[in-house]
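The values are calculated or read from the model by the stated rules, or taken from the named source; none is laboratory data. In this text the structure is predicted, and so the values were computed from the model without any measurement. No Cβ is skipped: glycine too gets one built from the backbone with ideal geometry, and neighbour counts run over all protein chains shown.
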Amino acid sequence: MEKEFENVCQNVLKQITPSKSERAKIEGLAKRLEEKVAIIAKNLGVEAEMRVEGSVAKDTWLSEEPDIDIFIRLPTSVPRKSLGEIGLKIARKATAGAEQIERFAEHPYLEAIVNGVRVNIVPCYDTERGEWLSATDRTPYHTDYVKKRLKAQMRDEVRLLKKFMKGIEVYGAEIKVGGFSGYLCELLTLHFESFRKTLEAFALYKQRIIMDIEGYYEDRGDELKLLFKEPLVVVDPVDKGRNVASAVQQHKLYTFVAASRAFLEKPKREFFYPLETTALSEKKLKREFVKRGSSLLFLTFGGVNAVPDVLWGQLYRSQRSLRKFLQLNDFNVLRDSVWSDERKLNMFILELEQHLLPPIKKHLGPPLEREKECKNFLKKHLDNSETISGPYLEDGRWVVEQRRKHTDIVAFLSGRLRDGGRSVGVAEQIAQAMRKNFKIFVNDEVIEVYRKNDGFAKFLTEFLSGKPKWLEKT
(Lines give C-alpha, C1' and ligand atoms only; values in the text may rest on other atoms or scores of the structure.)
Protein backbone atom coordinates (compact mmCIF):
# COMPACT_ATOMS: atom_id res chain seq x y z
CA MET A 1 0.00 0.00 0.00
CA GLU A 2 2.92 2.34 0.73
CA LYS A 3 4.25 1.90 -2.81
CA GLU A 4 0.80 2.40 -4.30
CA PHE A 5 0.35 5.61 -2.30
CA GLU A 6 3.67 7.01 -3.54
CA ASN A 7 3.01 5.98 -7.14
CA VAL A 8 -0.36 7.73 -7.24
CA CYS A 9 1.00 10.88 -5.59
CA GLN A 10 4.06 11.09 -7.86
CA ASN A 11 1.90 10.61 -10.93
CA VAL A 12 -0.47 13.38 -9.86
CA LEU A 13 2.38 15.67 -8.83
CA LYS A 14 3.86 15.55 -12.33
CA GLN A 15 0.63 17.00 -13.69
CA ILE A 16 -0.01 19.69 -11.08
CA THR A 17 3.52 21.10 -10.66
CA PRO A 18 4.02 24.14 -12.91
CA SER A 19 6.72 23.87 -15.58
CA LYS A 20 9.33 26.58 -16.15
CA SER A 21 7.39 27.93 -19.11
CA GLU A 22 4.14 27.99 -17.11
CA ARG A 23 5.83 29.80 -14.25
CA ALA A 24 7.24 32.37 -16.65
CA LYS A 25 3.82 32.92 -18.21
CA ILE A 26 1.89 33.27 -14.93
CA GLU A 27 4.53 35.29 -13.08
CA GLY A 28 4.90 37.57 -16.11
CA LEU A 29 1.14 38.12 -16.33
CA ALA A 30 0.94 38.79 -12.59
CA LYS A 31 3.73 41.36 -12.83
CA ARG A 32 2.14 43.14 -15.80
CA LEU A 33 -1.25 43.27 -14.11
CA GLU A 34 0.29 44.51 -10.87
CA GLU A 35 1.97 47.34 -12.77
CA LYS A 36 -1.19 48.12 -14.73
CA VAL A 37 -3.29 48.31 -11.57
CA ALA A 38 -0.68 50.63 -10.02
CA ILE A 39 -0.75 52.97 -13.04
CA ILE A 40 -4.55 53.13 -13.14
CA ALA A 41 -4.73 53.81 -9.40
CA LYS A 42 -2.22 56.64 -9.80
CA ASN A 43 -4.15 58.09 -12.76
CA LEU A 44 -7.30 58.06 -10.64
CA GLY A 45 -5.48 59.86 -7.85
CA VAL A 46 -5.60 56.85 -5.53
CA GLU A 47 -2.62 56.35 -3.24
CA ALA A 48 -2.08 52.62 -2.84
CA GLU A 49 0.48 49.81 -2.68
CA MET A 50 0.00 46.81 -5.00
CA ARG A 51 0.99 43.28 -4.05
CA VAL A 52 0.64 39.87 -5.66
CA GLU A 53 -0.78 37.55 -3.00
CA GLY A 54 -2.20 34.05 -2.78
CA SER A 55 -0.88 30.83 -4.25
CA VAL A 56 1.17 32.48 -7.02
CA ALA A 57 3.06 34.58 -4.48
CA LYS A 58 3.63 31.53 -2.27
CA ASP A 59 4.35 29.12 -5.16
CA THR A 60 1.64 26.67 -4.12
CA TRP A 61 -0.50 27.00 -7.27
CA LEU A 62 -1.54 24.14 -9.52
CA SER A 63 -0.36 24.13 -13.11
CA GLU A 64 -3.80 23.28 -14.46
CA GLU A 65 -5.66 26.09 -12.71
CA PRO A 66 -3.61 29.10 -11.65
CA ASP A 67 -5.26 31.99 -9.82
CA ILE A 68 -3.62 35.40 -9.64
CA ASP A 69 -4.54 37.56 -6.63
CA ILE A 70 -3.60 41.22 -6.75
CA PHE A 71 -4.30 43.25 -3.63
CA ILE A 72 -4.72 47.02 -3.60
CA ARG A 73 -3.54 48.19 -0.18
CA LEU A 74 -5.28 51.50 0.52
CA PRO A 75 -4.55 54.01 3.28
CA THR A 76 -6.62 53.70 6.45
CA SER A 77 -7.94 57.20 5.78
CA VAL A 78 -10.19 55.81 3.01
CA PRO A 79 -13.77 55.51 4.38
CA ARG A 80 -14.87 51.91 4.99
CA LYS A 81 -17.93 52.26 2.75
CA SER A 82 -15.71 53.43 -0.14
CA LEU A 83 -13.20 50.54 0.02
CA GLY A 84 -15.07 48.17 -2.30
CA GLU A 85 -16.18 50.94 -4.66
CA ILE A 86 -12.61 52.21 -5.18
CA GLY A 87 -11.29 48.69 -5.65
CA LEU A 88 -13.94 47.83 -8.25
CA LYS A 89 -13.32 51.05 -10.19
CA ILE A 90 -9.59 50.34 -10.48
CA ALA A 91 -10.09 46.63 -11.20
CA ARG A 92 -12.64 47.19 -13.98
CA LYS A 93 -10.29 49.55 -15.81
CA ALA A 94 -7.31 47.23 -15.32
CA THR A 95 -9.20 44.28 -16.85
CA ALA A 96 -11.26 46.16 -19.45
CA GLY A 97 -12.33 43.84 -22.26
CA ALA A 98 -12.00 40.70 -20.12
CA GLU A 99 -14.87 38.67 -18.69
CA GLN A 100 -15.63 40.24 -15.31
CA ILE A 101 -17.57 38.87 -12.33
CA GLU A 102 -18.27 40.96 -9.24
CA ARG A 103 -17.79 38.91 -6.10
CA PHE A 104 -18.37 39.64 -2.46
CA ALA A 105 -16.53 38.71 0.71
CA GLU A 106 -16.86 41.33 3.44
CA HIS A 107 -16.91 43.89 0.62
CA PRO A 108 -17.12 43.60 -3.18
CA TYR A 109 -14.11 42.75 -5.34
CA LEU A 110 -13.59 41.80 -8.98
CA GLU A 111 -12.81 38.47 -10.59
CA ALA A 112 -11.76 38.55 -14.24
CA ILE A 113 -10.55 36.05 -16.83
CA VAL A 114 -7.41 37.52 -18.43
CA ASN A 115 -5.66 35.49 -21.15
CA GLY A 116 -7.50 32.41 -19.89
CA VAL A 117 -6.30 32.95 -16.30
CA ARG A 118 -8.56 33.72 -13.35
CA VAL A 119 -7.52 36.99 -11.70
CA ASN A 120 -8.88 38.44 -8.45
CA ILE A 121 -8.27 42.11 -7.76
CA VAL A 122 -9.08 42.81 -4.13
CA PRO A 123 -8.96 46.03 -2.09
CA CYS A 124 -7.76 46.05 1.51
CA TYR A 125 -6.31 48.45 4.04
CA ASP A 126 -2.59 48.91 4.60
CA THR A 127 -2.77 48.30 8.34
CA GLU A 128 -0.38 47.26 11.04
CA ARG A 129 -0.71 43.68 12.19
CA GLY A 130 -3.72 43.24 14.46
CA GLU A 131 -5.25 46.61 13.57
CA TRP A 132 -7.59 45.13 10.95
CA LEU A 133 -10.28 47.32 9.43
CA SER A 134 -11.50 44.69 6.95
CA ALA A 135 -11.20 40.90 6.66
CA THR A 136 -8.84 41.12 3.67
CA ASP A 137 -6.27 43.21 5.58
CA ARG A 138 -4.76 39.99 6.96
CA THR A 139 -3.92 38.52 3.55
CA PRO A 140 -0.51 40.18 3.02
CA TYR A 141 0.50 38.97 6.49
CA HIS A 142 -0.72 35.46 5.59
CA THR A 143 1.45 35.51 2.47
CA ASP A 144 4.54 36.66 4.37
CA TYR A 145 3.97 34.07 7.10
CA VAL A 146 3.70 31.13 4.70
CA LYS A 147 6.56 32.25 2.43
CA LYS A 148 8.89 32.51 5.41
CA ARG A 149 8.07 29.06 6.83
CA LEU A 150 7.05 26.81 3.94
CA LYS A 151 10.11 24.86 2.81
CA ALA A 152 10.60 24.18 -0.90
CA GLN A 153 9.77 20.46 -0.69
CA MET A 154 6.59 21.20 1.28
CA ARG A 155 5.10 23.20 -1.58
CA ASP A 156 4.48 19.97 -3.44
CA GLU A 157 2.75 18.59 -0.35
CA VAL A 158 0.43 21.62 -0.42
CA ARG A 159 -0.27 21.03 -4.11
CA LEU A 160 -1.24 17.42 -3.45
CA LEU A 161 -3.54 18.43 -0.60
CA LYS A 162 -5.22 21.11 -2.70
CA LYS A 163 -5.73 18.80 -5.67
CA PHE A 164 -7.08 16.04 -3.41
CA MET A 165 -9.57 18.46 -1.85
CA LYS A 166 -10.63 19.71 -5.27
CA GLY A 167 -11.15 16.14 -6.44
CA ILE A 168 -13.45 15.32 -3.51
CA GLU A 169 -15.16 18.73 -3.80
CA VAL A 170 -14.24 20.26 -0.45
CA TYR A 171 -11.83 22.95 -1.67
CA GLY A 172 -12.79 26.62 -1.56
CA ALA A 173 -13.93 28.88 1.27
CA GLU A 174 -16.52 30.73 -0.83
CA ILE A 175 -20.12 30.42 0.36
CA LYS A 176 -21.13 28.12 -2.52
CA VAL A 177 -18.58 25.50 -1.43
CA GLY A 178 -18.05 26.11 2.30
CA GLY A 179 -14.77 24.19 2.22
CA PHE A 180 -11.05 24.52 2.89
CA SER A 181 -9.24 27.65 1.70
CA GLY A 182 -5.80 27.62 0.10
CA TYR A 183 -4.34 29.31 3.18
CA LEU A 184 -5.87 26.61 5.38
CA CYS A 185 -4.27 23.90 3.20
CA GLU A 186 -0.90 25.61 3.64
CA LEU A 187 -1.29 25.80 7.41
CA LEU A 188 -2.32 22.14 7.61
CA THR A 189 0.81 21.22 5.65
CA LEU A 190 3.00 23.41 7.85
CA HIS A 191 1.55 21.73 10.93
CA PHE A 192 1.52 18.10 9.80
CA GLU A 193 4.52 18.49 7.44
CA SER A 194 3.17 16.33 4.59
CA PHE A 195 0.11 15.40 2.57
CA ARG A 196 0.12 11.88 3.97
CA LYS A 197 0.39 12.96 7.61
CA THR A 198 -2.47 15.41 7.08
CA LEU A 199 -4.70 12.61 5.77
CA GLU A 200 -3.66 10.33 8.64
CA ALA A 201 -4.52 13.00 11.22
CA PHE A 202 -8.00 13.62 9.79
CA ALA A 203 -8.61 9.89 9.32
CA LEU A 204 -8.41 9.63 13.14
CA TYR A 205 -11.01 12.39 13.61
CA LYS A 206 -13.34 11.80 16.57
CA GLN A 207 -15.01 14.98 17.74
CA ARG A 208 -12.74 18.01 17.24
CA ILE A 209 -9.38 18.89 15.74
CA ILE A 210 -7.69 21.93 17.27
CA MET A 211 -4.45 23.42 15.95
CA ASP A 212 -2.57 26.36 17.44
CA ILE A 213 0.65 26.54 15.41
CA GLU A 214 2.04 29.58 17.21
CA GLY A 215 1.03 28.32 20.67
CA TYR A 216 -1.06 31.36 21.56
CA TYR A 217 -3.20 29.23 23.88
CA GLU A 218 -0.48 26.84 25.02
CA ASP A 219 -1.37 27.24 28.68
CA ARG A 220 -5.00 28.23 28.08
CA GLY A 221 -6.55 25.17 26.44
CA ASP A 222 -9.91 25.64 28.15
CA GLU A 223 -10.10 29.22 26.93
CA LEU A 224 -9.38 28.07 23.38
CA LYS A 225 -12.21 25.52 23.49
CA LEU A 226 -14.64 28.13 24.76
CA LEU A 227 -13.56 30.79 22.26
CA PHE A 228 -13.99 28.60 19.17
CA LYS A 229 -16.98 26.26 18.88
CA GLU A 230 -16.39 24.76 15.42
CA PRO A 231 -15.43 21.07 15.00
CA LEU A 232 -12.23 22.13 13.19
CA VAL A 233 -10.21 24.93 14.78
CA VAL A 234 -7.02 26.31 13.24
CA VAL A 235 -5.92 29.44 15.09
CA ASP A 236 -4.71 32.04 12.60
CA PRO A 237 -0.95 32.53 13.19
CA VAL A 238 -1.30 36.24 12.42
CA ASP A 239 -4.53 36.78 14.40
CA LYS A 240 -5.08 34.68 17.53
CA GLY A 241 -8.74 35.68 17.70
CA ARG A 242 -9.61 34.08 14.35
CA ASN A 243 -10.31 30.49 13.34
CA VAL A 244 -9.01 30.00 9.78
CA ALA A 245 -11.35 26.99 9.43
CA SER A 246 -14.53 28.79 10.49
CA ALA A 247 -15.93 28.71 6.93
CA VAL A 248 -15.60 24.90 6.67
CA GLN A 249 -19.09 23.39 6.80
CA GLN A 250 -19.45 20.22 8.85
CA HIS A 251 -20.45 18.22 5.78
CA LYS A 252 -17.24 19.24 3.98
CA LEU A 253 -15.13 18.35 7.03
CA TYR A 254 -16.79 14.95 7.33
CA THR A 255 -16.34 14.36 3.60
CA PHE A 256 -12.61 15.05 3.95
CA VAL A 257 -12.38 12.70 6.94
CA ALA A 258 -14.14 9.87 5.09
CA ALA A 259 -12.17 10.42 1.87
CA SER A 260 -8.87 10.47 3.81
CA ARG A 261 -9.68 7.08 5.31
CA ALA A 262 -10.70 5.66 1.94
CA PHE A 263 -7.59 6.94 0.14
CA LEU A 264 -5.22 5.65 2.80
CA GLU A 265 -6.91 2.27 2.58
CA LYS A 266 -6.89 2.15 -1.21
CA PRO A 267 -5.02 4.99 -3.00
CA LYS A 268 -6.24 5.75 -6.50
CA ARG A 269 -5.99 8.55 -9.01
CA GLU A 270 -9.77 9.11 -9.07
CA PHE A 271 -9.59 10.97 -5.75
CA PHE A 272 -7.64 13.71 -7.54
CA TYR A 273 -9.26 13.36 -10.95
CA PRO A 274 -12.86 12.15 -10.52
CA LEU A 275 -14.50 10.64 -13.57
CA GLU A 276 -16.65 13.00 -15.61
CA THR A 277 -20.38 12.58 -14.95
CA THR A 278 -22.45 11.33 -17.86
CA ALA A 279 -26.04 12.51 -17.52
CA LEU A 280 -28.71 9.83 -17.53
CA SER A 281 -30.72 9.51 -20.70
CA GLU A 282 -34.31 10.71 -20.40
CA LYS A 283 -35.49 7.11 -20.54
CA LYS A 284 -33.17 6.08 -17.69
CA LEU A 285 -34.13 9.17 -15.71
CA LYS A 286 -37.82 8.30 -15.89
CA ARG A 287 -37.00 4.73 -14.91
CA GLU A 288 -35.02 6.03 -11.91
CA PHE A 289 -37.99 8.06 -10.67
CA VAL A 290 -40.22 4.98 -10.84
CA LYS A 291 -37.62 2.76 -9.14
CA ARG A 292 -37.15 5.15 -6.22
CA GLY A 293 -40.83 5.38 -5.37
CA SER A 294 -40.26 8.69 -3.58
CA SER A 295 -41.38 12.12 -4.77
CA LEU A 296 -38.77 14.54 -6.09
CA LEU A 297 -39.93 18.13 -5.99
CA PHE A 298 -38.24 20.76 -8.17
CA LEU A 299 -38.99 24.38 -7.29
CA THR A 300 -37.60 26.52 -10.12
CA PHE A 301 -37.39 30.28 -10.54
CA GLY A 302 -35.49 32.83 -12.61
CA GLY A 303 -32.35 34.89 -12.11
CA VAL A 304 -31.54 36.78 -8.92
CA ASN A 305 -29.94 40.21 -9.09
CA ALA A 306 -27.04 39.43 -6.74
CA VAL A 307 -23.33 38.64 -6.97
CA PRO A 308 -22.66 34.86 -6.70
CA ASP A 309 -21.50 34.89 -3.07
CA VAL A 310 -24.62 36.74 -1.93
CA LEU A 311 -26.81 34.57 -4.17
CA TRP A 312 -25.54 31.31 -2.63
CA GLY A 313 -25.88 32.64 0.90
CA GLN A 314 -29.52 33.50 0.22
CA LEU A 315 -30.16 30.18 -1.54
CA TYR A 316 -28.81 28.14 1.37
CA ARG A 317 -30.73 30.20 3.92
CA SER A 318 -33.94 29.71 1.95
CA GLN A 319 -33.24 25.99 1.55
CA ARG A 320 -33.04 25.53 5.33
CA SER A 321 -36.31 27.46 5.83
CA LEU A 322 -38.20 25.48 3.18
CA ARG A 323 -36.99 22.16 4.60
CA LYS A 324 -38.08 23.13 8.12
CA PHE A 325 -41.44 24.46 6.90
CA LEU A 326 -42.27 21.26 5.03
CA GLN A 327 -41.21 19.06 7.93
CA LEU A 328 -43.46 21.01 10.29
CA ASN A 329 -46.36 20.36 7.92
CA ASP A 330 -45.86 16.57 7.85
CA PHE A 331 -44.02 16.37 4.52
CA ASN A 332 -40.98 14.27 5.39
CA VAL A 333 -37.90 15.49 3.49
CA LEU A 334 -35.43 12.68 2.80
CA ARG A 335 -32.81 14.87 1.12
CA ASP A 336 -32.60 18.33 -0.36
CA SER A 337 -30.19 20.46 -2.36
CA VAL A 338 -29.80 23.65 -4.37
CA TRP A 339 -28.76 24.17 -7.97
CA SER A 340 -28.06 27.40 -9.84
CA ASP A 341 -26.45 28.50 -13.08
CA GLU A 342 -25.90 31.87 -11.30
CA ARG A 343 -27.59 33.66 -14.22
CA LYS A 344 -31.07 32.71 -15.37
CA LEU A 345 -32.14 29.60 -13.49
CA ASN A 346 -32.25 28.63 -9.82
CA MET A 347 -33.75 25.56 -8.24
CA PHE A 348 -34.53 23.90 -4.91
CA ILE A 349 -34.61 20.10 -5.07
CA LEU A 350 -36.42 18.21 -2.32
CA GLU A 351 -36.82 14.46 -2.18
CA LEU A 352 -39.91 13.58 -0.14
CA GLU A 353 -41.27 10.29 1.08
CA GLN A 354 -44.47 11.28 -0.70
CA HIS A 355 -45.99 14.47 -2.10
CA LEU A 356 -49.59 13.34 -1.50
CA LEU A 357 -50.39 12.63 2.16
CA PRO A 358 -53.27 10.57 3.59
CA PRO A 359 -56.23 12.77 4.60
CA ILE A 360 -56.00 11.65 8.24
CA LYS A 361 -53.14 11.84 10.74
CA LYS A 362 -52.64 10.67 14.30
CA HIS A 363 -51.96 13.40 16.85
CA LEU A 364 -50.50 12.46 20.25
CA GLY A 365 -51.66 14.37 23.28
CA PRO A 366 -50.17 14.63 26.80
CA PRO A 367 -49.71 11.65 29.18
CA LEU A 368 -52.31 11.31 31.95
CA GLU A 369 -49.94 12.46 34.70
CA ARG A 370 -49.98 15.97 33.19
CA GLU A 371 -53.48 16.79 34.38
CA LYS A 372 -53.66 20.44 33.29
CA GLU A 373 -52.37 19.71 29.80
CA CYS A 374 -54.84 16.82 29.47
CA LYS A 375 -57.73 19.13 30.36
CA ASN A 376 -56.64 21.67 27.74
CA PHE A 377 -56.16 18.93 25.12
CA LEU A 378 -59.65 17.55 25.68
CA LYS A 379 -61.17 21.02 25.56
CA LYS A 380 -59.44 21.74 22.25
CA HIS A 381 -60.21 18.47 20.46
CA LEU A 382 -63.44 17.08 21.97
CA ASP A 383 -65.89 18.94 19.71
CA ASN A 384 -63.43 20.08 17.02
CA SER A 385 -64.59 19.66 13.41
CA GLU A 386 -61.06 18.56 12.49
CA THR A 387 -61.25 15.60 14.89
CA ILE A 388 -62.20 12.42 13.05
CA SER A 389 -61.75 9.98 15.93
CA GLY A 390 -61.17 10.42 19.64
CA PRO A 391 -59.97 11.69 21.97
CA TYR A 392 -59.13 8.18 23.15
CA LEU A 393 -56.54 6.70 25.48
CA GLU A 394 -53.54 4.83 24.17
CA ASP A 395 -50.51 3.80 26.24
CA GLY A 396 -51.44 6.18 29.02
CA ARG A 397 -51.96 9.32 26.93
CA TRP A 398 -54.76 11.04 25.03
CA VAL A 399 -54.76 10.65 21.25
CA VAL A 400 -56.90 12.00 18.40
CA GLU A 401 -57.08 11.32 14.69
CA GLN A 402 -57.40 14.54 12.72
CA ARG A 403 -58.20 15.62 9.21
CA ARG A 404 -55.14 17.14 7.54
CA LYS A 405 -55.45 20.70 6.29
CA HIS A 406 -52.97 20.08 3.47
CA THR A 407 -52.39 16.83 1.62
CA ASP A 408 -51.00 17.93 -1.79
CA ILE A 409 -47.60 19.57 -1.48
CA VAL A 410 -47.79 21.26 -4.88
CA ALA A 411 -51.07 23.00 -4.09
CA PHE A 412 -49.96 23.76 -0.53
CA LEU A 413 -46.55 25.18 -1.49
CA SER A 414 -47.92 27.11 -4.47
CA GLY A 415 -50.29 28.93 -2.15
CA ARG A 416 -47.67 29.71 0.47
CA LEU A 417 -45.17 31.02 -2.09
CA ARG A 418 -47.41 33.65 -3.65
CA ASP A 419 -45.59 36.29 -1.60
CA GLY A 420 -42.27 34.84 -2.75
CA GLY A 421 -42.05 32.72 0.37
CA ARG A 422 -41.20 35.47 2.85
CA SER A 423 -43.83 34.12 5.27
CA VAL A 424 -42.05 30.75 5.37
CA GLY A 425 -38.52 32.17 5.70
CA VAL A 426 -37.34 32.54 2.09
CA ALA A 427 -34.56 35.16 1.89
CA GLU A 428 -35.50 38.59 0.52
CA GLN A 429 -33.69 38.52 -2.85
CA ILE A 430 -34.82 34.95 -3.55
CA ALA A 431 -38.39 35.97 -2.68
CA GLN A 432 -38.18 38.89 -5.13
CA ALA A 433 -37.32 36.51 -7.96
CA MET A 434 -39.99 33.99 -6.92
CA ARG A 435 -42.69 36.66 -6.79
CA LYS A 436 -42.13 37.24 -10.51
CA ASN A 437 -42.46 33.59 -11.43
CA PHE A 438 -41.84 30.11 -10.09
CA LYS A 439 -42.77 26.60 -11.16
CA ILE A 440 -43.06 23.35 -9.24
CA PHE A 441 -42.35 20.03 -10.94
CA VAL A 442 -42.73 16.55 -9.48
CA ASN A 443 -40.55 13.69 -10.72
CA ASP A 444 -40.41 13.39 -14.53
CA GLU A 445 -42.33 16.66 -15.00
CA VAL A 446 -38.84 18.22 -14.82
CA ILE A 447 -37.74 16.47 -18.04
CA GLU A 448 -38.05 19.62 -20.16
CA VAL A 449 -35.70 21.55 -17.86
CA TYR A 450 -33.38 18.54 -17.76
CA ARG A 451 -33.32 18.36 -21.57
CA LYS A 452 -32.39 22.02 -22.01
CA ASN A 453 -29.65 22.34 -19.36
CA ASP A 454 -26.57 20.08 -19.41
CA GLY A 455 -25.29 21.46 -16.09
CA PHE A 456 -28.51 20.63 -14.31
CA ALA A 457 -28.70 17.22 -16.00
CA LYS A 458 -25.28 16.24 -14.62
CA PHE A 459 -26.14 17.65 -11.21
CA LEU A 460 -29.39 15.70 -11.00
CA THR A 461 -27.66 12.51 -12.13
CA GLU A 462 -25.15 12.91 -9.26
CA PHE A 463 -27.90 13.82 -6.79
CA LEU A 464 -29.86 10.68 -7.65
CA SER A 465 -26.73 8.56 -7.27
CA GLY A 466 -26.13 10.11 -3.85
CA LYS A 467 -22.70 8.51 -3.67
CA PRO A 468 -19.35 10.37 -3.70
CA LYS A 469 -17.41 9.65 -6.88
CA TRP A 470 -14.38 8.58 -4.88
CA LEU A 471 -16.25 5.94 -2.91
CA GLU A 472 -15.07 2.45 -3.79
CA LYS A 473 -17.71 0.44 -5.63
CA THR A 474 -19.10 -2.51 -3.69
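Based on what the data block shows, is Y254 within 23 Å of the chain's Cα centre (by Cα), assigned by TED's automatic domain parsing to the domain that holds Y171, surrounded by fewer than 19 Cβ atoms within 10 Å (Cβ to Cβ) and assigned to a loop (DSSP other than H, G, I, E, B)?
No; evaluated as a whole, the condition is false for this residue.
Across the stretch 268-314, which residue is nearest to Q100 (Cα to Cα) among those that are free of Cβ contacts under 8 Å to residues at least 12 places away in the same chain and in a loop (DSSP other than H, G, I, E, B)?
Within the stretch 268-314, the match that is nearest to Q100 (Cα to Cα) is E276.
Where the second residue is assigned to a helix (DSSP H, G or I) and buried (at least 18 other Cβ atoms within 10 Å of the Cβ) and the first is without any contact (Cβ under 8 Å) to a residue 12 or more places away in the chain and among the hydrophobic types (A, V, I, L, M, F, W, C) and lies in the stretch 31-45, which pairs have Cβ atoms under 9 Å and are six or more apart or on separate chains?
Once the first residue is without any contact (Cβ under 8 Å) to a residue 12 or more places away in the chain and among the hydrophobic types (A, V, I, L, M, F, W, C) and sits in the stretch 31-45, its partners that are assigned to a helix (DSSP H, G or I) and buried (at least 18 other Cβ atoms within 10 Å of the Cβ) give I39/A94.
Has the stretch 193-205 got any residue that is assigned to a helix (DSSP H, G or I), in the same structural domain as V257 (by TED's automatic domain parsing) and closer than 20 Å to D69 by Cβ?
Checked the stretch 193-205: no residue is assigned to a helix (DSSP H, G or I), in the same structural domain as V257 (by TED's automatic domain parsing) and closer than 20 Å to D69 by Cβ.
Quickly run through the stretch 352-365 and pick out the residues that are buried (at least 18 other Cβ atoms within 10 Å of the Cβ) and assigned to a strand (DSSP E or B).
L352, G365
Mind checking which residues of the stretch 85-101 are over 27 Å from the mean Cα position of the chain (by Cα), among the β-branched types (V, I, T) and surrounded by fewer than 20 Cβ atoms within 10 Å (Cβ to Cβ)?
I86
Quick one: in the stretch 275-300, which of the residues that are at pLDDT 95 or above and under 21 Å from the mean Cα position of the chain (by Cα) is surrounded by the most Cβ atoms within 10 Å (Cβ to Cβ)?
L299
Taking the stretch 327-344 only, how many residues are buried (at least 19 other Cβ atoms within 10 Å of the Cβ) and modelled with pLDDT under 95?
1
Can you report the number of residues in the stretch 90-120 which are over 19 Å from L133 (Cβ atoms), assigned to a helix (DSSP H, G or I) and of a type outside the set (G, A, S)?
The qualifying residues number 2.
So how many residues does the stretch 195-209 have that are at pLDDT below 95 and under 14 Å from R155 (Cβ atoms)?
The total comes to 0.
Hey, among the residues in the stretch 114-137 that are of a type in the set (A, V, I, L, M) and within 25 Å of the chain's Cα centre (by Cα), which one's nearest to K36 (Cα to Cα)?
Looking at the filtered set, the residue picked out is I121.
Would you check which residues across the stretch 214-251 are over 20 Å from V170 (Cα atoms) and in a helix (DSSP H, G or I) and list them?
G221, D222, E223, L224, K225, L226, L227
Rundown of residues vs (1) hydrophobic (A, V, I, L, M, F, W, C); (2) touching a strand residue (DSSP E or B) at 6+ places or on another chain (Cβ under 6 Å); (3) more than 30 Å from F456 (Cβ to Cβ), yes/no style:
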{"residue": "S340", "(1), (2), (3)": "no, yes, no"}
{"residue": "L345", "(1), (2), (3)": "yes, no, no"}
{"residue": "R370", "(1), (2), (3)": "no, no, yes"}
{"residue": "E394", "(1), (2), (3)": "no, no, yes"}
{"residue": "H406", "(1), (2), (3)": "no, no, no"}
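So if I check each of T143, T136, which one is among the polar types (S, T, N, Q), within 22 Å of R242 (Cα to Cα), touching a residue at least 40 places away in the same chain (Cβ under 8 Å) and touching a Phe, Trp or Tyr at 6+ places or on another chain (Cβ under 8 Å)?
Step by step, each of T143, T136 is checked, and only T136 is among the polar types (S, T, N, Q), within 22 Å of R242 (Cα to Cα), touching a residue at least 40 places away in the same chain (Cβ under 8 Å) and touching a Phe, Trp or Tyr at 6+ places or on another chain (Cβ under 8 Å).
Among the numbered criteria (1) surrounded by fewer than 16 Cβ atoms within 10 Å (Cβ to Cβ); (2) closer than 18 Å to L187 by Cα, which single criterion is violated by T136?
With (1) surrounded by fewer than 16 Cβ atoms within 10 Å (Cβ to Cβ); (2) closer than 18 Å to L187 by Cα applied to T136, the lone miss is (1).
Restricting the first residue to the stretch 416-428 and requiring it to be in a loop (DSSP other than H, G, I, E, B), which pairs with a second residue that is surrounded by fewer than 21 Cβ atoms within 10 Å (Cβ to Cβ) and among the charged types (D, E, K, R) meet a Cβ separation below 6 Å and a spacing of at least six or different chains?
Pairs found: G420/R435; A427/R317.
Take the residues in the stretch 75-84 that are in contact (Cβ under 8 Å) with a residue 24 or more places away in the chain and within 30 Å of the chain's Cα centre (by Cα), then tell me which one is nearest to A112 (Cα to Cα).
Applying the filter and picking the extreme gives G84.
Which of the residues spanning the stretch 204-217 are in contact with a Leu (Cβ under 6 Å, 6 or more places away or on another chain) and in contact (Cβ under 8 Å) with a residue 24 or more places away in the chain?
Answer for the stretch 204-217, where residues must be in contact with a Leu (Cβ under 6 Å, 6 or more places away or on another chain) and in contact (Cβ under 8 Å) with a residue 24 or more places away in the chain: just I209.
Identify all residues within the stretch 41-84 that are surrounded by 14 or more Cβ atoms within 10 Å (Cβ to Cβ), in a helix (DSSP H, G or I) and of a type in the set (D, E, K, R); write none if there are none.
Selection gives K58 alone.
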